[in-house]
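Written below as structure tokens is the structure these notes are about.
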Amino acid sequence: MKESDKNQKDPGPSKEKMEEIKACLAPCGLSCEACFAHVDGAIRDHSIKLKEKLGNFDIYARRFETLVGDPVFKKYPQFKEMLDYFSSANCTGCRSEQCKLFKDCGVRPCHQEKGVDFCFQCDAFPCDQTHFDEHLHERWVRLNEIIRKSGIEAFYEKSRTRPRYV
């Protein structure tokens, strides 16, 4: 590698790629598209498909409780309630509306006020403006440090295959 190549700063993702990244990642670094509440997310999509495949399983769950002799089928109403909840997701992402998951989230208004795409870009990062609980705050700091170190594009590519809830 030439010396001049070492001194050049990485220009980062193209404008088009950055728009794609911002459509998927919230300003805090969490993946909106992997969130259970996202209208176009895989969790919602799979939940809808599973509901369709199960059809009117309620009746069968009661029967299988006796036929199979497994008490797990007693829990089907609670499972169906979660499936209904996941399949009714309607969040369009934190960049287009206030987060539906964390009602008191302070990231969206802060990133808009500061004019940054992601929290790690802010001079005040890490701060106490998020209103996250201790666990989420620690995860937020860790995610943004990873983004800062590896770059937004690399982080985004890894986030596409990583489960949201780790």
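The values are calculated or read from the model by the stated rules, or taken from the named source; none is laboratory data. Since the model is a prediction, treat every value here as computed from it, not as a measurement. Cβ atoms come from the backbone with ideal geometry, glycine included; neighbour counts cover every protein chain shown.
Odds and ends about this structure:
- Whichever residue in the range 139-149 is farther than 12 Å from Phe118 by Cβ and surrounded by 13 or more Cβ atoms within 10 Å (Cβ to Cβ) and, among such residues, is farthest from the chain's Cα centre (by Cα): Val141
- Selection status of Ser14, within 19 Å of Ile152 (Cα to Cα), out of contact with any helix residue (DSSP H, G or I) (no Cβ under 8 Å at 6 or more places or on another chain) and at pLDDT below 90: yes
- Given (1) aliphatic (A, V, I, L, M); (2) under 16 Å from Leu25 (Cβ atoms); (3) in a loop (DSSP other than H, G, I, E, B), number of the condition Ala124 does not satisfy: (2)
- Of the numbered criteria (1) surrounded by fewer than 17 Cβ atoms within 10 Å (Cβ to Cβ); (2) assigned to a helix (DSSP H, G or I); (3) modelled with pLDDT under 95, the one Cys110 fails is (1).
- Hey, Tyr156 in contact (Cβ under 8 Å) with a residue 60 or more places away in the chain, at negative phi and either surrounded by 15 or more Cβ atoms within 10 Å (Cβ to Cβ) or assigned to a helix (DSSP H, G or I) (or both) or not: yes
- Test result for Glu81, surrounded by 15 or more Cβ atoms within 10 Å (Cβ to Cβ), in a helix (DSSP H, G or I) and either modelled with pLDDT under 95 or under 22 Å from the mean Cα position of the chain (by Cα) (or both): no
- The single residue among Ile59, Ile43, Ile48, Ile21 that is loosely packed, with under 11 Cβ neighbours inside 10 Å and either in contact with a helix residue (DSSP H, G or I) (Cβ under 9 Å, 6 or more places away or on another chain) or in a helix (DSSP H, G or I) (or both) turns out to be Ile59.
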